[in-house]
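Q: Mind having a look at this structure? Questions to follow.
The values are calculated or read from the model by the stated rules, or taken from the named source; none is laboratory data. Remember, it's a predicted structure, so these values are computed and weren't measured experimentally. In this analysis, Cβ positions are derived from the backbone assuming ideal geometry, glycine residues included, and neighbour counts consider all displayed protein chains. Only protein heavy atoms, including side chains, enter the accessible area calculation; ligands, DNA and RNA are left aside. Shrake-Rupley method; radii C 1.70, N 1.55, O 1.52, S 1.80 Å.
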Amino acid sequence: PNEYSPEHGPQSQNATAHSQQLVVELFSNTLDAATELGADAGLTTADLARLTDYLENSDKGLATETYTGNWGDPQNGVSSGTEILREWKYSAYSVGENNHRHQSHLMCLYPYAQVTPESEYFDAAVSSLQLRSDNSTGWSMGWRINLWARAQDGDHAHVLLHSALKPSTSYSTDQ
């Protein structure tokens, strides 16, 4: 609770999906490194067992909800009734605010590989990305390009890459 969203600031009695994804990634990488290093990792068998148990039973920050159409129906090709990835863990309005282009809750798709095409959350993550639209600038555009590549939509990633590399003619973020 009382976590901070890069897009919305502090939220009383709420938790962000991306914070859970960060913790899981950290401990997963720690376990991978310890396994690779073996005895040189400085962890006991009990430490490794505790870490493995923690990862198996931890909240991964992955949950879905049904898009209600409150931003528009359809919005960027996403219709009401479509499953999307939750942004906030406890909020009834977990998708955040309309016109926010953020995608922190999609760290699970990229840069992490916690959601893959085989995952039960893959379609919801792609729909959540689609709902956010392609309007973006700077590093966020780069992230979006990589998200679409991870979503196995190279054509979409290519369109965004082309848009990101074209000379600027205004200060607008519209495509």
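Q: Taking a probe of 1.4 Å, how large is the accessible area per residue of the range 15-55, in Å²? Numbers along the way, then the final one.
A: Details: 2430 Å² over 41 residues.
In whole numbers, the range 15-55 has 59 Å² accessible per residue.
Q: Can you give the local net charge around Ala164? Use residues other than it whose beta-carbon is closer than 13 angstrom to its beta-carbon, Lys and Arg +1, Asp and Glu -1.
A: Working: positive: Arg144, Lys166; negative: Asp134.
Charge balance near Ala164 sits at +1.
Q: Would you please put 119-132, 29-42, 53-66, 76-89 in order of how densely packed they are, using the mean number of other Cβ atoms within 10 angstrom per residue and starting with the highest? The partial results should precede the final answer.
A: Values: 119-132: 20.9, 29-42: 11.6, 53-66: 14.6, 76-89: 18.6.
Listed from highest to lowest mean packing, they are 119-132, 76-89, 53-66, 29-42.
Q: Would you mind counting up the charge near Pro111? Only other residues with Cβ under 13 Å from its Cβ, with Lys and Arg at +1 and Asp and Glu at -1. List each step's numbers first, then the result.
A: Values: positive: Arg144, Arg150; negative: Glu25.
So the surrounding residues net to +1.
Q: Quick one: pull the percent of accessible area on the range 29-166 belonging to carbon and sulfur, 1.4 Å probe, ligands and nucleic acids left out.
A: Working: 3760 of 7420 Å².
With neighbouring chains kept in place, the figure for the range 29-166 is 51 percent.
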